[in-house]
């Protein structure tokens, strides 16, 4: 087979392998590093050409491993994009086109194959499913083609691109608190070699599976929870792990943050969940972590942030009891690089207040700002 034809044959699996490059519920964009392990990423290929089938040696099975960087947005996840990845094929890929009397019309081998992947931005639906275009580029690898009775020709694959390939997948959070990327894939590629007129169809089938920690590059840290780990809640209304004291829903408000702690980037977003639907909440900033970061009873909750308090923004909770800021936190709070500030949300609970004060607070959240 003509060398260019064989090269395209070997490039085609990489388009399907692009799937392997994807690889907390923050409201703002968060960066994740997904780990891919060989036992969870099993693949195989089959190919036919106008000269006959392409046979794998010893078979058509292969595995990959590596990491990939993904930016995910939303709470729950509503979108994302793959910003970069590095995936290594763990074995050489070998095959041949059989001829009459047991001869090989051509032998092929791909060695040291490493590829990177990026995608278009994609939308994640309520079930965690998405579809997007994937673009693969070889970082390294060598293609060797040895025709019957001839000498091997070696091609450096570094810098070779494949065309976009549409693949679907899902993003979920498992019971252990890890983000899971998964997709079962079948992809078929047709081509005709311009030099020889040989046509071929290449099909790959495989499973992508990668995991990442739920929170990556968090801009700050939570403290002062009403979960019994510090100061007791006012009327025994203990919240869940990491939450504020429980409100009338039985859960405590959970304050988190997304974006970055950079003053100049101005992209920090404070987010709260488990609030009372349709009720107002005040996001505020303080200089101090009250009572050595354990908080003091206040209303139905604990006051965790105090000293030089600044009102940042009033936001109404949606029908699910969630809200988030839309203002420039750094500017409104008058912060400078190097400042450490504490944040909380005070919110109304007028009809189901456990302690009858009709208001409550979230956990505290601490951020040390950078330039």
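The structure shown yields log10 I(q)/I(0) by the Debye sum over Cα atoms at q = 0.08, 0.11, 0.14 Å⁻¹, and of the options (i) -0.56, -0.87, -1.13; (ii) -0.54, -0.78, -1.04; (iii) -0.37, -0.71, -1.14 that calculated value carries the label (ii).
Spatially, the range 322-371 and the range 209-260 are offset by 13 Å when compared through their Cα centroids. Over the residues of the chain, the helix contribution to mean residue ellipticity at 222 nm works out to -1500 deg cm²/dmol, using -39500 (n - 2.57) for each DSSP H run of at least 4.
Counted residue by residue at 0.36 nm each, then reduced by the alpha carbon distance between them, the extension gain from residue 151 to residue 320 reaches 54.1 nm.
Every read-out reported here was derived from the displayed coordinates using simple, explicitly stated rules and does not represent laboratory data. Source: prediction; values computed, not measured.
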